[in-house]
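No value in this document is a laboratory result; all are computed from the given coordinates. This one's a predicted model, so the numbers in the text were calculated from it and none came from an experiment. All Cβ positions, glycine included, derive from the backbone under ideal geometry; neighbour counts span all protein chains shown.
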Amino acid sequence: MRIAVTSQNYRTVTGHAGRARRFIVFEADGQEPPREVERLDLDTDMAIHGFDHRAAHPLDSMNVLITGGAGAGFVQHLAARGVLVVATEEIDPGMAVEAFIAGRVKSPGAGCNHDHGDLDDDHAHGSEQGHTCNCHG
């Protein structure tokens, strides 16, 4: 299984998945601990937000993408490519992957108990900018 983690600094799990261009890629086979196998550093035009979704994308080869936050549009775009998006509060990328494998992560929106009104994808930065429910990026 190939698992990408959004990490703009290659040290911590970051959010704003639709605008992310840096990812740490792990492989996990269920037998051994997950291991880092690659780092993606994509051009600006390769961020999912604004990307031509008819074209091939490096994330297409992933089974799962773990992030600190993702909007509904991002989740839908990657689902159409066969990639499951999950949100985590874990900061360490390796620990986030281990938590996913152990079943301790949630999909965006899970556990969110407040109203977002008209929040939409990555454009939802008004009064909700600092919230931490991981229900959007």
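Take peptides 11-22, 91-102, 35-46 and line them up by average Cβ neighbours within 10 Å, highest first, as a rough protection proxy. All intermediate terms of the calculation are to be shown ahead of the outcome.
Numbers: 11-22: 20.2, 91-102: 18.3, 35-46: 11.9.
Result, highest mean Cβ count within 10 Å first: 11-22, 91-102, 35-46.
Report the net charge of residues surrounding Ile24, where surrounding means a beta-carbon distance below 14 angstrom and charges are Lys +1, Arg +1, Asp -1, Glu -1.
Details: positive: Arg2, Arg11, Arg21, Arg22, Arg35, Arg39; negative: Glu27, Glu36, Glu38, Asp41, Glu90, Asp92, Glu98.
Counting the neighbours of Ile24, the net charge comes to -1.
Which percent of the Cα-Cα distances in region 2-108 go past 23 Å?
Numbers: 907 of 5671 pairs.
For region 2-108, the fraction of Cα-Cα distances above 23 Å is 16 percent.
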